[in-house]
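Visitor: What follows is a single structure, and I will ask about it in a moment.
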Amino acid sequence: MTDEQHVDPVIEADLPTGAGSAGEPPPPAAAAPPSRLATAVRGLLVPVLAVLSALVIGAIIIVLSDLTFFERLSADPGGALGDALGSVWSAYGALISGALGSPGAYVEAFASGDSDQIISAFNPISETLLAATPLIFTGLAVALGFQCGLFNIGAEGQLYVGAVAATFVGFAVTGLPWFIHLPLAVAAGFAGGAIWGFVPGILKAKTGAHEVIVTIMLNYTAYRFVEFILKLPGYQREGRSDPISKVTEASSWYPPLIEGLRANWGFFLGLAAVFAVSWLLFRSTKGFEFRAVGFNPSAARYAGMSIAGSTILAMMISGGLAGLAGTGIVLGITRSLTSGVSAGLGFDGIAIALMARARPRGIIFAALLFGALRAGATPMQSATGIPIDLVVVVQALVIMFVAAPALVRGIYRIRVPEATGTEVFSKGWGS
Amino acid sequence: MTAAVAAPGAIVDRGAVRRQRIIGIFYLLLAAIAAFVLTSGIAPEATSTFALKPAGSKTGLDIPNLVVPSVVTLYAVAALCGFLGAIQLVRGFGTRWAVVLGIAVAVFVFGFLTWAAVGKSMSLIGILQLTVVKALPITFGALSGLLCERAGVVNIAIEGMLLTGAFTGAVVGSATGNNIVGLVAAGFVGAALGTLLAVLAIRYRMDQIIAGTVINIFAAGITGFVSTRVLQLHRELNEPQRFPQIPIPVLSEIPIIGPMFFSGNIFLYALFVLIGLIHYGLFYTRWGLRVRAVGEHPRAADTVGINVLGTRYRNVILGGIVAGVGGAYFTLGSTGSFVQDMTAGRGFIGLAAMIFGAWTPVGAFLASLVFGFADAVQARLSILNIALPSEFLLMVPYLVTIVVVAGLVGRVRAPAADGRPYEKE
Amino acid sequence: MRLELRGITKRFPGVIANQDVDLVVEPGEIHALLGENGAGKTTLMNVLYGLYQPDEGEIRIDDRVVMFHDPGQAIAAGIGMVHQHFMLVPVFTVTENVMLGVESVRGPLGQLDRPTARKRIIEISERHNLKIDPDATVEDLPVGVRQRVEIIKTLYRRSDLLVLDEPTAVLTPQEDEELFEIMRSLKAGGTSIVFITHKLNEVLEIADRITVLRRGRVVGSTTPAEATRESLASMMVGRPVELVVEKTPAHPGAPVLEVHGLVVRDDRGHVAVDGLDLQVRAGEIVVIAGVQGNGQTELVDAITGLRHPVAGTIRIGGATVRPEPRPIFEAGVAHVPEDRLEDGCVPGFTIVDNLVLNTYYRAPFSRGIRLDREAIERSATELVANFDIRTPSMFVDIGDLSGGNQQKVIVAREFSRPVRLLVAAQPTRGLDVGSVEYIHRRIVAKRDEGAAILIVSTELDEVLALADRIAVMYQGRIVDIVEPERATPQLLGMLMGGSLPLESAAAASVSPAAPGDPGT
């Protein structure tokens, strides 16, 4: 365990008053703690390098998957390489401007002074926030599981079931003002996800079935379930034969942050969830139990905690958070449900949670990064023809580099002051 | 000191009692479904027909179709399930409860098929043949997991290895026009992913489940990326030749068994050889003894001079090859061309089959047949147009996996050091 | 074989485990390596065995310098080692375990030749009088037999030098004697033996030469003829040691713990506690003595609610309590568990959090589900000072503390609240002498406050030092209850081995549960 890992945020905040107050001078062997800035920089180094490395490998994949590159390589190596670099440059350029906007567009918009034009210049950032919203929730869902020693690969399925519930409340309940309808739909989304999280929780607690296999199987089950629901009369949109739900009422939608942009208050619900989860984990008795069970179940049992209860509750909250991600989509983006709305958001949650080292506040930044990748991917595909799947590859690489910090340190020859161990979040089949 | 003390004979395990009771109620439930739900709306004289001879088969012994009166059969099924449930509740079956559970479920499944085939002819042999076909890649996945886990490394990347194997087999098989080259290439790519898993799990001591998940996501991403970017433009790269069926003379003529096990293609026979080899290797050779020692107690193995990490590397790479070759079955042995995410969780089901089969090759194969059967019934029933939404039938293999994992984990013992990184100091 | 270690130094991050250690083992000699827990004995032997590489120094065998990079090379050079924690694969048979690494095979595929290996094992076991069933599965064997398997393993590899790391820790005194016989017979056959221990009596009985290690250094070398128990003890610890705990006679009060007819099963479903009766009264220390694996763990688990009894009653303060850890804890039971890191604390949590591990949910540490961090930290500050927990900060991960300080954290947590019954299993295992003395003093103080105290210990010294009454446990039952005044190591040894001495056999068969009237 590294020192960054076990000093949780709450304690970091309280450290100045507590350190060395034990009534006895610390033994001389104890080194002075590194400054907080240095710790923060060191903590950021690995994630930043991980993203860079992943993008470099992504670039190599772009080049290698271009068949004309190989044809030209023997005839005109210089031109082939130049073109290859050019295509990488334009792909990543499109990705970045799709996620953050282009400087030119900002300058032009502000110069024109036209408010519509200014707003549309901010559209890429709005899209990033929009894409980041569900990712905050799925990242939190996975991170909460990690803190309780559970590996929830099922955020994807929980998201879908949450979306089914939220969509239903969204179109079936009518005539309510938004400040009642929206919370109701959001609560339904949470409940749907929580139910789907309850299943692996209770199976793990009562039979020992490993949550990884169960949640993966429940993902597939959820896909089929959604396909089934979307063809049910009363849920399927009238006059359509393809699987698509009715359109939700406008009163159930997350209100936009700025009129004219798609970014909405769902993002702030995400931020609120981050702080709620942080409080739950580090400031409440339940969180104390979750983390104790996660670190050492037998000591938790010795201390009189209910392992089964913590496991079930943590899986339900985790599932509920994933369900909220579903509301971020159906009440914030698509406004109706189709079978393809998630496209791997649950799996992105794993990458985000790992990148944030399962700590709630880190989730915000990781989710923004992955949101930017997602937001930029579509413009990239339409501008350069590079498939969106590139982003999935990049994300897998990011997880790999982040989860094996020694790998990044090895590549970049970073020396670490103290010995660091592995981060083990999950357990073998028997547990 | 007057409180009651249980008599010495009354030593009982409360958990076991509850489990026995639940199982007993489950049997009664099956009986009730068979007697009341499935029989409803069936004419008393209706019959269900099961074909036992492959359609279009001209050779082989002539076996007649099995025709049963539907309602009578269902009542018989209900009676049998009810009888088992009653005994279970009254006195239990002791240590043989698992066998009885298997029998009860099998009987009920037969009743279910009878219901589905009312007034129609269902090709039972077709379902059984399809069972083997569906079990094939699952078994490859299970064997891959077994090789890794016997040495103490959890391989949850089987899914990604299968998918990449399927992709590589199709592309290389098409590009070279030679499906054997495609098969070998799939093995190589599997080995590469195995190496990646080994390096992450062993060298960098990354959480093994996360390492496997990374490989799965990576595999889904890269095959999706390349098939969108390349294969959509160059369809000729996704049209490999398939391996032909090679019925084995004489053996393939045996009723039922012949069409199931001796009329397949090279993958099926390779699988049999592999099961035999791994079984023999694991339990009768020096290699197997050392592998199992490393998986059970790596430090003990280390102290007698066995190279723990080397053994793990070797086994994980072997596991990668097996999964890569098994993945090629999806394209070179089955559908012919690669489709995104075509493995649809079969790697994970393979993992469950490995657990169900108690980490033995033969057990893994038998367990895979159970999953294959669920898959086959699902596929056949959706053709028969019965009164169940196809989505629910499609859930069946996944639900069976959950039930199996929930029912068996903790009752079968995993290698003791499974999933734990080994550190010398 | 003549073994010589010259100037061995081995460093780990932050610690020097061995510093400039010299050691010479002559052929056919039993050489005792004596030292406290943590003195560096095991590290030294792991260096010899190729598990660690020394940072400095050299190893010579028959005056040739050797280098071992892995155990395989050490084995090839004729060194055999019986580790403190047995290195046996539980699911393998004896034959498989013995042959592992040096398998006899035939055929191109390397098929195992079990019959040949089996024959050699039987030969060895007959030659050295080591009774063993080569086809038994190791997990079914008692520890004493497992140790025999380990010794056969080394003989199978034709070792000339045998290292025995704390071999008597898991044995009864009778089994100790058997082991010593085996050692003498091996010595007669020319095998050199390094015998690692911290038990002084054994050293004096069996060793030809004694080397004492303290804090990683050799502090002296002597022979049993020149040494006494006291001289060895002060060499080991570095100061004269008092081997007794100061305590006044007990004044037992009302019974606090009453166990009657208790039956508990172990993890594998075997009956581990078999109709046990026991009573502990306020203000007395009852120590359960016995060889490891006679049901002590399961008994403690049952009393503390970690394991459900199959039959029998447990009363605490006259009432039955729901058999779950929390109700039992709330009934005033404190528990210092046997396995510190496994059960007693959460490595990954700070000292602060570990100090409230089982009280976090009560006032003043929480209100509703809100943790009161301030109250928790205030109490932690106080406990760290009161219980002399040495740490740079109380926000340090408990996993980074030494074993002694970890145990102090647990003791601080369990002793700092009003307690009617204290259950402590192996409270001083693996601790240095200073921590042992400290924890013993605290236990006696707790007794004097009026708590009933139940200790489980396998160390005879600890049993004799602490107990007001000694309950000897054998195969799941209390076979006798002995007053410390009439307890001798010989008597306890016989009881622990299951043989009842004549006078007490009669008493025990009448009523082993009767506490007797030791006070009056």
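Visitor: Taking the residues in region C:103-126 that are among the β-branched types (Val, Ile, Thr) and touching a helix residue (DSSP H, G or I) at 6+ places or on another chain (Cβ under 7 Å) as candidates, determine which candidate is farthest from B:PHE283 (Cα to Cα).
Guide: C:ILE124
Visitor: Within region A:364-382, can one find any residue that is modelled with pLDDT under 90, away from every other protein chain (no Cβ under 14 Å) and surrounded by fewer than 17 Cβ atoms within 10 Å (Cβ to Cβ)?
Guide: no
Visitor: Checking C:LYS408 against (1) surrounded by 23 or more Cβ atoms within 10 Å (Cβ to Cβ); (2) touching a strand residue (DSSP E or B) at 6+ places or on another chain (Cβ under 9 Å), which test does it fail?
Guide: Against the list (1) surrounded by 23 or more Cβ atoms within 10 Å (Cβ to Cβ); (2) touching a strand residue (DSSP E or B) at 6+ places or on another chain (Cβ under 9 Å), C:LYS408 comes up short only on (2).
Visitor: Being buried (at least 21 other Cβ atoms within 10 Å of the Cβ) and under 13 Å from C:ARG340 (Cα atoms) is the filter here, so list the residues in region C:415-439 that pass it.
Guide: C:ALA424, C:ALA425, C:GLN426, C:PRO427, C:THR428, C:LEU431
Visitor: Right, next: Suppose we keep only residues that are in a helix (DSSP H, G or I) and polar (S, T, N, Q) within region B:99-158. Which one would you say is farthest from C:VAL91 (Cα to Cα)?
Guide: My answer is B:THR114.
Visitor: Under the condition of being out of contact with any helix residue (DSSP H, G or I) (no Cβ under 6 Å at 6 or more places or on another chain) and within 11 Å of chain B (Cβ to nearest Cβ), which residue from region C:52-78 is farthest from C:THR116 (Cα to Cα)?
Guide: C:GLN53
Visitor: Every residue in region B:306-339 that is over 20 Å from B:ILE138 (Cβ atoms), open to solvent by 40 Å² or more (accessible area, probe 1.4 Å) and part of a loop (DSSP other than H, G, I, E, B), please.
Guide: Of everything in region B:306-339, those that are over 20 Å from B:ILE138 (Cβ atoms), open to solvent by 40 Å² or more (accessible area, probe 1.4 Å) and part of a loop (DSSP other than H, G, I, E, B) turn out to be B:ASN307, B:SER337.
Visitor: Quick one: would you say A:ILE213 is more than 9 Å from chain B (Cβ to nearest Cβ), in contact with a helix residue (DSSP H, G or I) (Cβ under 9 Å, 6 or more places away or on another chain) and closer than 30 Å to A:ARG301 by Cβ?
Guide: Considered against the rule, which asks whether it is more than 9 Å from chain B (Cβ to nearest Cβ), in contact with a helix residue (DSSP H, G or I) (Cβ under 9 Å, 6 or more places away or on another chain) and closer than 30 Å to A:ARG301 by Cβ, A:ILE213 comes out as no.
Visitor: What are the residues in region C:106-128 that are of a type in the set (Lys, Arg) and part of a helix (DSSP H, G or I), if any?
Guide: C:ARG114, C:ARG118, C:LYS119, C:ARG120, C:ARG127 - these are the residues of region C:106-128 that are of a type in the set (Lys, Arg) and part of a helix (DSSP H, G or I).
Visitor: Now, a different point. State which residue pairs qualify: first residue on the phi < 0 side of the Ramachandran plot and outside any helix (DSSP H, G or I) and inside region C:85-99, second residue open to solvent by 10 Å² or more (accessible area, probe 1.4 Å) and of a type in the set (Ser, Thr, Tyr) in any location, beta carbons under 6 Å apart, and separation of 6 or more residues or different chains.
Guide: Partner pairs satisfying both residue conditions: C:THR93/C:THR137.
Visitor: Further, regarding this structure: Being in contact (Cβ under 8 Å) with a residue 40 or more places away in the chain, surrounded by fewer than 24 Cβ atoms within 10 Å (Cβ to Cβ) and not aliphatic (A, V, I, L, M) is the requirement here; does A:GLY208 meet it?
Guide: Answer is yes for this residue.
Visitor: Moving to a separate point now. For region A:258-268, which positions are open to solvent by 60 Å² or more (accessible area, probe 1.4 Å) and either modelled with pLDDT of 95 or more or farther than 17 Å from A:ALA166 by Cβ (or both)?
Guide: A:ILE258, A:GLU259, A:GLY260, A:ARG262, A:PHE268
Visitor: Please go through region A:221-256 and give me each residue that is open to solvent by 60 Å² or more (accessible area, probe 1.4 Å) and hydrophobic (A, V, I, L, M, F, W, C), ordered by number.
Guide: Within region A:221-256, A:LEU232, A:VAL247, A:ALA250, A:TRP253 qualify.
Visitor: Quick one: in region A:63-96, which of the residues that are more than 25 Å from the chain's Cα centre (by Cα) and touching a residue at least 40 places away in the same chain (Cβ under 8 Å) is most open to solvent (accessible area, probe 1.4 Å)?
Guide: So the residue we want is A:SER90.
Visitor: Let me ask something additional. Which one is surrounded by the fewest Cβ atoms within 10 Å (Cβ to Cβ), of the residues in region C:350-372 that are facing chain A (nearest Cβ under 7 Å) and farther than 16 Å from C:ALA412 by Cα?
Guide: Ranking the qualifying residues of region C:350-372, first place goes to C:ARG370.
Visitor: Evaluate region A:119-137: report whether one residue or more is assigned to a helix (DSSP H, G or I) and free of Cβ contacts under 8 Å to residues at least 24 places away in the same chain.
Guide: Scanning region A:119-137 turns up at least one residue that is assigned to a helix (DSSP H, G or I) and free of Cβ contacts under 8 Å to residues at least 24 places away in the same chain.
Visitor: Cβ-Cβ under 9 Å, sequence separation 6+ or interchain: first residue in region B:390-403 and without any contact (Cβ under 8 Å) to a residue 40 or more places away in the chain and more than 7 Å from chain A (Cβ to nearest Cβ), partner β-branched (Val, Ile, Thr) and surrounded by fewer than 18 Cβ atoms within 10 Å (Cβ to Cβ). Which pairs?
Guide: B:LEU393/B:ILE386
Visitor: Specify which of the listed residues (A:ILE386, A:ILE350, A:ILE363) is part of a loop (DSSP other than H, G, I, E, B) and β-branched (Val, Ile, Thr).
Guide: The unique qualifying residue is A:ILE386.
Visitor: Taking region B:374-413 as the search range and keeping residues that are under 20 Å from the mean Cα position of the chain (by Cα) and part of a loop (DSSP other than H, G, I, E, B), which one is modelled with the lowest pLDDT?
Guide: Applying the filter and picking the extreme gives B:GLY410.
Visitor: Name every residue in region C:324-347 that is within 12 Å of chain A (Cβ to nearest Cβ) and either farther than 23 Å from C:ASN405 by Cβ or more than 25 Å from the chain's Cα centre (by Cα) (or both), in order of residue number.
Guide: Across region C:324-347, the qualifying residues are C:GLU324, C:PRO325, C:ARG326, C:PRO327, C:ILE328, C:PHE329, C:GLU330, C:ALA331, C:VAL333.
Visitor: Another question, then. Can you find a residue that is more than 14 Å from chain A (Cβ to nearest Cβ), outside any loop (DSSP other than H, G, I, E, B) and among the hydroxyl-bearing types (Ser, Thr, Tyr) anywhere in region C:296-304?
Guide: No.
Visitor: Shifting gears a bit: Looking at A:ASP348 and the list (1) within 11 Å of A:ALA132 (Cβ to Cβ); (2) modelled with pLDDT of 90 or more; (3) within 11 Å of the chain's Cα centre (by Cα), which single condition is not satisfied?
Guide: Going through the list (1) within 11 Å of A:ALA132 (Cβ to Cβ); (2) modelled with pLDDT of 90 or more; (3) within 11 Å of the chain's Cα centre (by Cα), A:ASP348 breaks only (2).
Visitor: Here are some residues: B:ALA104, B:ALA142, B:ALA86, B:ALA151. Which one is open to solvent by less than 40 Å² (accessible area, probe 1.4 Å) and in the same structural domain as B:LEU29 (by TED's automatic domain parsing)?
Guide: Among B:ALA104, B:ALA142, B:ALA86, B:ALA151, only B:ALA104 is open to solvent by less than 40 Å² (accessible area, probe 1.4 Å) and in the same structural domain as B:LEU29 (by TED's automatic domain parsing).
Visitor: Now for a different question. Output the residues belonging to region C:400-435 that are acidic (Asp, Glu) and closer than 23 Å to C:ALA254 by Cα.
Guide: The one that is acidic (Asp, Glu) and closer than 23 Å to C:ALA254 by Cα: C:GLU414.
Visitor: Using the structure shown, decide if B:VAL181 is within 30 Å of B:ARG420 (Cβ to Cβ), among the β-branched types (Val, Ile, Thr) and either touching a residue at least 40 places away in the same chain (Cβ under 8 Å) or away from chain A (no Cβ under 14 Å) (or both).
Guide: It is false that B:VAL181 is within 30 Å of B:ARG420 (Cβ to Cβ), among the β-branched types (Val, Ile, Thr) and either touching a residue at least 40 places away in the same chain (Cβ under 8 Å) or away from chain A (no Cβ under 14 Å) (or both).
The values are calculated or read from the model by the stated rules, or taken from the named source; none is laboratory data. Fair warning: this is a prediction, and the values are worked out from it, not measured in the lab. Cβ coordinates were reconstructed from backbone atoms using ideal geometry, including for glycine residues, and neighbour counts include every protein chain displayed. When the accessible area is computed, the model is the full protein with side chains, heavy atoms only, and any ligands, DNA or RNA have been set aside. Shrake-Rupley method; radii C 1.70, N 1.55, O 1.52, S 1.80 Å.
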